[in-house]
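Worksheet: the structure to be examined is printed underneath.
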Amino acid sequence: MRAFFTPTGRSRRHYRDLVAQFDPLLELMDDPQTLSKRDDAISRWSVGEQLEHIAKVDGKIFEAIEALLADPSEGTGTPVRLARVLLLLGRFPRGRGKSPKALVATGIDLGQVRSMLEQRRDSWRVFGPRLPEVVASRARAPHPSLGDFNALQWLRFAQIHIRHHRLIIDDIRS
């Protein structure tokens, strides 16, 4: 592994976009009517369940990145072709992916969802100085269906995943 990597403008932009998405999500938590809103033509989950799923997935992604940065070993796996395309394009097609059972929204207490989202936001906010480590890391962790991601790919995945669900929320609300 090279001694030091500098985050590119693109990796900084992905990070800033990821962090910026949390405050609008948390604002939604203040409106019980919005949280219960659902449109089965768009998604089988309500706005509140979308937020729960975001919080659960983002927590797992953050844990994966932290573990990768703690382990300096080189990984050998790579993302599958579809994952490389998704990471490059920066978006997921709707209705194609299936969440692992542990990350499916189950309708947990919305106060708990708020707390999880606040924790994720606060964790990411202080993470910025670690971007050089993220870029330099060659360790990999498996995604349940998309192959092995390095820390930078996981960061990008988190940004895309949250934006994907924010767009679904926007459509449910309109």
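The values are calculated or read from the model by the stated rules, or taken from the named source; none is laboratory data. What you see is a predicted model; the values in this text were computed from it and never measured. Every residue, glycine as well, gets a Cβ built from its backbone with ideal geometry; the counts of neighbours run over all protein chains shown.
Suppose we keep only residues that are crowded, with 16+ Cβ neighbours inside 10 Å and over 18 Å from the mean Cα position of the chain (by Cα) within segment 43-58. Which one would you say is nearest to residue 113 (Cα to Cα)? Outline the logic, then answer.
In the first step, residues of segment 43-58 are kept if they are crowded, with 16+ Cβ neighbours inside 10 Å; the result is 43, 45-58.
Next, from what is left, pick out any that are over 18 Å from the mean Cα position of the chain (by Cα): 43, 46.
On the way: 43: 19, 46: 13 Å.
Going through the qualifying residues, I end up with 46.
Looking at (1) under 22 Å from residue 167 (Cβ atoms); (2) in contact (Cβ under 8 Å) with a residue 24 or more places away in the chain, can you tell me which one residue 95 breaks?
(2)
Of the numbered conditions (1) in contact (Cβ under 8 Å) with a residue 60 or more places away in the chain; (2) over 15 Å from residue 160 (Cα atoms); (3) buried (at least 18 other Cβ atoms within 10 Å of the Cβ), residue 21 fails exactly one; give the number of that condition.
Failed condition: (2).
Just the residues that are of a type in the set (Gly, Ala, Ser), assigned to a helix (DSSP H, G or I) and in contact (Cβ under 8 Å) with a residue 12 or more places away in the chain, please, taken from segment 107-162.
123, 128, 136, 151, 158
Which numbered condition in (1) under 17 Å from the mean Cα position of the chain (by Cα); (2) modelled with pLDDT under 95; (3) outside any strand (DSSP E or B) is the only one that residue 74 fails?
Of everything listed in (1) under 17 Å from the mean Cα position of the chain (by Cα); (2) modelled with pLDDT under 95; (3) outside any strand (DSSP E or B), residue 74 misses just condition (1).
Go through 94, 44 for me and flag whichever is assigned to a loop (DSSP other than H, G, I, E, B), modelled with pLDDT under 95, of a type outside the set (S, T, N, Q) and under 15 Å from residue 170 (Cβ atoms). Break it down into steps so the answer makes sense when it comes.
Working: 44 fails: under 15 Å from residue 170 (Cβ atoms).
Within the list 94, 44, the selection yields 94.
Quick one: which residue in 95, 128 is over 16 Å from residue 15 (Cα atoms) and surrounded by fewer than 19 Cβ atoms within 10 Å (Cβ to Cβ)?
95
Does segment 98-120 contain at least one residue that is among the basic types (Lys, Arg), under 23 Å from residue 16 (Cβ atoms) and surrounded by fewer than 16 Cβ atoms within 10 Å (Cβ to Cβ)?
no
Name the residues in segment 133-167 that are farther than 28 Å from residue 48 by Cα and among the β-branched types (Val, Ile, Thr), would you?
134, 135
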